[in-house]
Amino acid sequence: MAEARGSVSGRNTDHQVAFYGLSTCMWCRKTRMALEEADVSFDFAYVDLLQGAEREEAVNAVRRWNPAGSYPTVIVDDEKCVVGYNPDKLRGALGL
Amino acid sequence: MSEETVSKEAVEALYRRLDEEAQGSGYHLNPDAEFTRALVESLLVNEARYGYWACPCRLADGNKESDLDIICPCDYRDADLNEWGVCFCALYVSDEVLEGEREVASIPERRPPVAERAQHRSGPQAPTPAREAPLPVWRCRVCGYLAAREQPPGVCPICKAKRDRFERFW
């Protein structure tokens with residue numbers, strides 16, 4: 001099973017990228033793979049594996065950008081948000 | 001959270017059962033067998049975690065009553081199959097997808113946000129009938145199957161949703 005939260009370092013460090021997903025979700029898995037393939041540095045959180053205040057904080061961070069509160073949600077530079085597995089939109093948000 | 005391990009045999013058994021049930025009632029599992037087996041594994045992980053098959057792609061809160069609408073098959077599956085050809089997690093697909101006429105993609109969330117959910121649910125109370133019916137009518141929230149009988153069936157004969165997914169319709 002995935003770690004609940006952490007960071008992945010890639011060569012592309014131009015953006016502050018926060019990935020919020022669920023450890024059981026295939027679209028989340030694909031989205032994370034897309035970030036890794038793009039060699040992007042990002043922070044990740046699997047919200048289903050978080051508890052208490054950490055989980056609440058993650059849920060609120062997602063809702064600020066995505067009121068449906070769905071996963072995966074990727075927030076770029078606290079400016080842009082990509083909801084669902086959408087590799088084209090993700091590359092656009094990352095300027096790739 | 002503790003680590004849930006699911007055996008390959010358990011995944012295979014559930015995959016086969018869901019596939020048979022789907023085929024028997026006009027639904028289809030996603031033909032991408034690897035993707036679908038991973039989702040079936042996630043259903044079993046959620047069963048170990050929560051005691052029920054919470055949707056792998058939605059955040060369950062662990063309270064069965066508030067998660068009831070996202071227990072697989074979820075209340076939103078049929079509407080999503082109609083509109084997008086795929087359910088939210090993509091475990092189920094439409095005929096068009098099966099026949100290769102439509103692509104499987106990640107779709108928008110149809111489940112209302114938490115604040116609107118309470119009013120969205122019709123709850124266990126029945127609407128006031130215009131006239132007396134000889135029997136109560138129960139509606140399956142998953143597939144819309146209606147049954148006029150004293151109590152809802154234990155399992156929906158169409159989509160296999162359990163009794164707690166039925167609401168009083170009339």
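If each DSSP helix of 4+ residues adds -39,500 (n - 2.57) and the sum is divided by the residues in chain A, what number results at 222 nm, nearest 500 deg cm²/dmol?
-10500 deg cm²/dmol
Could you tell me which of rounded, prolate or oblate describes chain B, using a ≥ b ≥ c as the square roots of the eigenvalues of the alpha-carbon gyration tensor, with rounded for a/c under 1.5 and, failing that, prolate when a/b is larger than b/c and oblate otherwise?
Here chain B falls in the prolate category.
Projecting each Cα onto the charge dipole of the range B:8-120 (Lys/Arg +1, Asp/Glu -1 at the beta carbon, about the Cα centre), which of B:Ala48, B:Gly100, B:Cys72 comes out farthest on the positive side?
So the residue furthest toward the plus end is B:Ala48.
Mind checking the dipole of the range A:5-94: about its Cα centre, +1 per Lys or Arg Cβ, -1 per Asp or Glu Cβ, Debye to the nearest 20?
Roughly 260 debye for the range A:5-94.
Rounded to the nearest 20 Debye, what is the dipole magnitude of the protein assembly as shown about its Cα centre when Lys and Arg each give +1 and Asp and Glu each give -1 at the C-beta?
820 debye
Would you mind checking the range A:6-28 for residues with the amide N under 13 Å from a putative spin-label position 7 Å along Cα→C-beta of A:Glu36?
Residues A:7-10, A:28 qualify, since their backbone N sits under 13 Å from the label point.
Sequence-distant or interchain residues sharing an amide H contact under 5 Å with A:Phe44, placed H: which?
Here the answer is A:Gly6, A:Ser7, A:Val8, A:Phe19, since their amide H atoms fall under 5 Å of that of A:Phe44.
Report, in debye and to the nearest 20, how large the dipole of the range B:8-120 comes out about its Cα centre when Lys and Arg carry +1 and Asp and Glu carry -1 on their Cβ.
Here the size comes out at about 400 debye.
When DSSP assigns beta bridges and you keep just the ones with both residues in the protein assembly as shown, what percent turn out antiparallel, to the nearest 5? Spell out each step's value before the answer.
Details: 23 of 28 bridges.
The answer is about 80 percent antiparallel.
Starting from one equal scatterer on each C-alpha and no solvent at all, send me the Debye-based log10 I(q)/I(0) for the range B:35-119 at q = 0.10, 0.12, 0.18 Å⁻¹, two decimals.
-0.25, -0.36, -0.77
With no solvent and one equal point scatterer per Cα, compute the Debye intensity ratio I(q)/I(0) for the protein assembly as shown at 0.09, 0.13, 0.14 Å⁻¹ and report its log10, rounded to two decimals.
Listed by q, the Debye log ratios stand at -0.44, -0.89, -1.02.
From the phi of every residue in the range B:60-76, what ³J(HN,Hα) in whole Hz does the Karplus formula 6.51 cos²θ - 1.76 cosθ + 1.60 yield, where θ is phi - 60° and glycine or proline is x?
Using θ = phi - 60°, the values come out as 7, 9, x, 9, 4, 4, 7, 8, 3, 5, 10, 6, 6, x, 7, 5, 9 Hz.
For chain B, what does -39500 (n - 2.57) per DSSP helix run (n ≥ 4), summed and divided by total residues, give at 222 nm, in deg cm²/dmol to the nearest 500?
-10000 deg cm²/dmol
Here, each number is a calculation from the coordinates, and none is a lab measurement. Just so it is clear, the structure is predicted and the values come from calculations on it, not from any experiment. Note: ideal-geometry Cβ built from the backbone for every residue, glycine included; neighbour counts use all protein chains shown.
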